[in-house]
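> Structure below; questions to follow.
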Amino acid sequence: MLKVSIMEDAMTATVAPAARIPGALPLPDLYARVSRHVPAIEWPALAPDIEAILRLKRERNAVILAHNYQAPEIFHTVADIVGDSLALAREAVTVDADVIVLAGVHFMAETAKLLNPSKTVLIPDMGAGCSLADSITAEDVRGLRKKYPGVPIVTYVNTSAAVKAESDLCCTSGNAVAVVRSLNAPRVLMIPDEFLAQNVQAEVPDVEILTWAGHCEVHERFTPADIRDVRESYPGVTVIAHPECPPDVVAESDFSGSTAMMMDFVVQKRPSQVVLVTECSMADNIAAQNPDIEFIKPCNMCPHMKRMSLSNIRRSLETLTHEVTVDPALADRARAAVERMLAVRTR
Ligand code: SF4
């Protein structure tokens, strides 16, 4: 198996753009998209919410941006744009709608609001947080700035707007290597994901990367033993790990990249058996359109992503809640950090 690094991918391969889902299909066609994951007996309970959401989107001139970790019944039926954090951030700028519903977690909705200050941005459940975003505060970043004067601070998008506002620029798992390289600096602070920073360090040995001890509660649970077990049970299986995994897990994998890069890799290389070392819905969403590829567990669920449901998306559109706002005192600085990231060429 060809070993492909996140740097090689970031520098040379196609970074998967967000996918724009074509206009609403009739309900039976929508069911066909998710029939591998939604039993027929459950469909009648979901269909009324789907119909209502499709109607409400038209009435509100709304779009739904859904992260790749959303469940298939959201991802394949009501979402207008799907992708990873980078793709959603890019697409958020181009959205022609009055209302954006973010089916994902809170920092993603904040990023959409930063890039679309005049639009109403909604998140169906305000409790959809993130262990990485919770691991660092704006005060922490100010402390790092004092401790390491002159060292540029690259902040993962999985952070609050307040943390972004204290940073020089943002990155995602899809462009982290390219962002660090773009700085031409001998030392870079990369916060808050320690494992992403260590995985990037392996790709840019000429730069000293200083880290913060934040972790994704989903990806930190994978171990090298998990990978070895799956290889023993499924000889020849292709292993793809998200760079939020510990470096020893990434080292055991055949490829590492953002969720969009994972999708790209699977669709282009078409391995007969693959394990995606990431959140469980990733495999479900790719499998729905690639029935010839066998997806092997293990995977872990993100409890925050799973707070999204068809019923709370419907309620969000009905009541225009929960609206996500960003403190104007820090919005311009946070937006600048995101826009500097978007200006970095990834290939
Ligand atoms: S998968 Fe990890 S990084 Fe993503 S939202 Fe969940 S806790 Fe945060």
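The values are calculated or read from the model by the stated rules, or taken from the named source; none is laboratory data. What you are looking at is a predicted structure, and each value in this text was computed from that prediction instead of being measured. FYI the Cβ positions are ideal-geometry reconstructions off the backbone, even for glycines, and counts take in every protein chain you see.
> With respect to VAL154, determine if the residue is part of a strand (DSSP E or B) and among the β-branched types (Val, Ile, Thr).
Yes.
> Let me ask something else about it. Could you identify the single residue in ARG221, ARG228 that is within 16 Å of the ligand (Cβ to nearest atom), surrounded by fewer than 21 Cβ atoms within 10 Å (Cβ to Cβ), over 20 Å from ALA176 (Cβ atoms) and not aliphatic (A, V, I, L, M)?
From the options ARG221, ARG228, the qualifying one is ARG221.
> On to the next question. ASN175 is checked against (1) over 21 Å from ALA260 (Cα atoms); (2) touching a residue at least 12 places away in the same chain (Cβ under 8 Å); (3) away from the ligand (no atom under 13 Å from the Cβ) and fails just one. What number does that condition carry?
(1)
> Something else: What's the number of the condition HIS215 fails, among (1) within 19 Å of the chain's Cα centre (by Cα); (2) more than 30 Å from THR137 (Cβ to Cβ)?
It fails just one condition, (2).
> Still on this model: All but one of (1) surrounded by 23 or more Cβ atoms within 10 Å (Cβ to Cβ); (2) over 23 Å from ALA71 (Cα atoms); (3) more than 16 Å from the ligand (Cβ to nearest atom) hold for PRO205; state the number of the condition that does not hold.
It fails just one condition, (1).
> Filter the stretch 250-270 for residues that are within 10 Å of ASN199 (Cα to Cα), aliphatic (A, V, I, L, M) and surrounded by 24 or more Cβ atoms within 10 Å (Cβ to Cβ) and give the result.
The one that is within 10 Å of ASN199 (Cα to Cα), aliphatic (A, V, I, L, M) and surrounded by 24 or more Cβ atoms within 10 Å (Cβ to Cβ): VAL250.
> Next up: Which of the residues that make up the stretch 311-338 are part of a helix (DSSP H, G or I), over 18 Å from ALA138 (Cβ atoms) and in contact (Cβ under 8 Å) with a residue 12 or more places away in the chain?
SER311, ASN312, ILE313, ARG314, ARG315, SER316, LEU317, GLU318
> Out of (1) under 21 Å from the mean Cα position of the chain (by Cα); (2) of a type in the set (Val, Ile, Thr); (3) assigned to a loop (DSSP other than H, G, I, E, B), the odd one out for VAL163 is which?
Exception for VAL163: condition (3).
> Tally the residues that are modelled with pLDDT of 95 or more, loosely packed, with under 14 Cβ neighbours inside 10 Å and over 20 Å from the mean Cα position of the chain (by Cα), restricting the search to the stretch 287-319.
2
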